[in-house]
Structures are given as structure tokens and as C-alpha cells.
1. Along the Cα-to-C-beta direction of S274, a point sits 7 Å from the Cα; which residues of region 303-317 have their amide N less than 18 Å from that point?
2. Would you work out which of Q154, S274, G325 lies farthest towards the positive end of the dipole of the chain, given +1 charges on the beta-carbon of Lys and Arg and -1 on that of Asp and Glu, about the Cα centre?
3. Which peptide among 317-325, 75-83, 333-341 comes first, and what is the full order, when sorted by highest mean count of other Cβ atoms within 10 Å?
4. Could you sort 43-50, 9-16, 125-132 so that the peptide with the highest average Cβ count within 10 Å comes first and the rest follow in order?
5. For the chain, which whole percent of the accessible surface, found with a 1.4 angstrom probe, sits on carbon and sulfur atoms?
6. Starting from the Cα of K88, draw a straight line to each of the lysines and keep only those under 19 Å, dropping any in the same chain fewer than 8 residues away.
7. Among the DSSP beta bridges whose two residues both lie in the chain, what percent are antiparallel, rounded to the nearest 5?
8. How compact and how long is region 273-333, expressed as Rg and Dmax of its alpha-carbon atoms in Å?
Amino acid sequence: MQNKINKESVIEKLRTVIDPELNRDLVSLNMIKDIVVNDGNVRLSVVLTTPACPLKNHIQNDVRSAIAKIEGVKDIEINMTANVPQDKAIQEKENLRIKSIVAIASGKGGVGKSTVAVNIAISLANAGSKVGLMDADIYGPNIPTMMGLNELPQPKDGKLIPAKAFGVKVISIGFLVKDGQPLIWRGPLLHSTIKQFIDDVDWGPLDYLIVDLPPGTGDVQLSLSQHIPVTCGVVVTMPQQVSVDDASRGIEMFQKLNIPIAGVIENMSGLELSDGTIVDVFGRGGGEDMAKKYDLSFLGRIPLDPNVRIHGDLGAPIVVSIPNGKVSMIFNSIAGMTASYISQLIIK
């Protein structure tokens, strides 16, 4: 016989609903809130671990199905919300209201790492997350151009105030030097700049800080890992072997620094012609093969689409300019998978 409808019976039924990524029931994960039962009408909130959860609809449907099995249910109202978990290593740092830090890396330049960082940041913000984007590519700071920004707001109370575009807070050395001015800096200056971008910027509360690292495995990477606890890394590569070889060094860098890796992204993977033919300009599958080699998640394959470059140059990234396009959907998926990895990493 079915249970009769009351708050306790709702809770019992929801103990059977499992979060597919965390592999625990929603009740023990404390994801069920504000249950109200009134004359057969059930209202409750499901608090996900990220607004970008790729399985949001799946979980909502499972909750609805479980409650519908209780005798006497007339109507079910589910409020889907989210609360990103806090990386405890970051929490220990004073005056830093950032829940998680994601470093985007590549072994070599020219693989589209900054493009990936920008579009992931905007995708997370579009999903409802509070997002910051740090341009740590000191020698090639092109994030301001891609985000359509050219200056910072006036400092306040001795702190730099990030610029903001598309719901993302942005800081870059590109705001602080003249156009075209070369930066010929050694390690100590690089270290102090990274430190300033953390300590002297009023980021406010953030769910995710996305850090666009420079190519390679040099001073900036070491400075970042020494000064702040990075929650996880993402490695960007192109399909061809030379890019994969370089990206492998990025993976090994994260491993030596004890930074978990959310996964690998294969960028510029296949050009689709007007007749639907796919031309593998730079080859295909190198990123996925590398992910398998290192036992990492393969986050996705981003096609070689001229619109990505065009809209990046115009300061309106593709997830903003063509939000329902194929490439934007891939970026949204990558952002969701990265956010889900962070949740799994923190909630063990």
C-alpha cells in the first residue's frame, strides 16, 4: 500500500532519489529544503551543487516521479536552486570569498586557451553562477579584447575593482599597461602581479574564479599554485600530435603541483563545410587519446568554427553572439561538466 501524503512520507520517498554524479540520495546530501504539504499539494526546493548542473532536468523529473507515487498527491511544485560547495582550502585564506578556482592551461600557445576560458566563464555566469575571470597570461593579455572591455573602474578603498561584461568580473594586466607595450618581466614581478590579482582585487563573493594561464609551465603557474589553492585544472589542446605532446606537459605540471584535473578539451577539431562535410584540418582525436592515456575525463571537442574567432575579436564571444549554436552548446556542456567535477571533488 502506498504511503499517505505528509512531510515525512515525502522525505522517505526522496531517499530513493540518487544524485547520478555524487552517487548519494538527495536527502543525505541535504539537497531537499522547504517542504510544504497542504491538502495534497507538495512544494519543495532542490538545492543543486551548481547552477550549471547538466543533469538538472533529470534530477527534477526523478523527484517528481518519486513524490507522485505517494497516495493523495494532487500537485507538485519543485523549485530548482543551487548552492556551490566551498573549497575548504580556499576558505582558510582570509578575506577571499571565492568558492572554487579553475586554472585553464595548455602546453603551447595558439590552441585557443583564452577563448575556452572566456566562453566557459560566460557559460557558468549564464547558468546563474557568480563568476570571475583572471587573465594571468601576463605576456599576451587578450581577455579584455575578447570581453569587449578596455578599462577598469576607479579603485575603491585601496582595492582594484574588476571590470564586468556578460555577468563575469574580469581582471587583466591588459587594463594596466598601454596598448602594444611589451612586458619584459622576470619571475619576481610575475609573482607579485599574480599575488596582487588575488589580494588587491575586490572580487566580492564568487562561485568560480576562472584563471587563464599563459602557455607552458613557467613562473606564473608556479606563483599561482604557491599563492592560492587551485581547486582544479583544465587542459586545452589541439588534435595534432605536436600540440598533444605539449599539452601532456601541462597535465604533468598539474600532477606535480597536486592540482586535480577536471579533464581535457580538444579545440579546433574539424571544420564543417557548407555541405556538411567535416575536414580535419589539424587531425582528430588527439585530445581524447591523451585523456585516456592519463585516465582523465574528456570534456569535449570544439569544432574549428570561424565564428568563434570573429566574435572573439569583436568582444562578443560566441556563447553570447550565437547562444543556441552548436559550438555554444558544446561550451555549455564543458562548463557544466567542469562544475560537476568540482562538486564531486569537494563533496566526497
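The values are calculated or read from the model by the stated rules, or taken from the named source; none is laboratory data. Small disclaimer: the values here were computed from a predicted structure and weren't measured. Positions of Cβ are generated from backbone atoms using ideal geometry, with glycine treated the same way; all protein chains shown enter the neighbour counts. Just so you know, the surface numbers come from the protein's heavy atoms only, side chains and all, with ligands and any DNA or RNA stripped out. Shrake-Rupley method; radii C 1.70, N 1.55, O 1.52, S 1.80 Å.
1. Label zone hits: 305-307.
2. Final value for the positive-end residue is Q154.
3. Listed from highest to lowest mean packing, they are 333-341, 317-325, 75-83.
4. Descending mean neighbour count gives 125-132, 43-50, 9-16.
5. About 47 percent, which is the carbon plus sulfur part of the accessible surface.
6. Hits, sequence-local ones excluded: K99, K130, K348.
7. Around 25 percent of the beta bridges assigned by DSSP in the chain are antiparallel ones.
8. Here Rg and the maximum Cα pair distance are 13.6, 37 Å.
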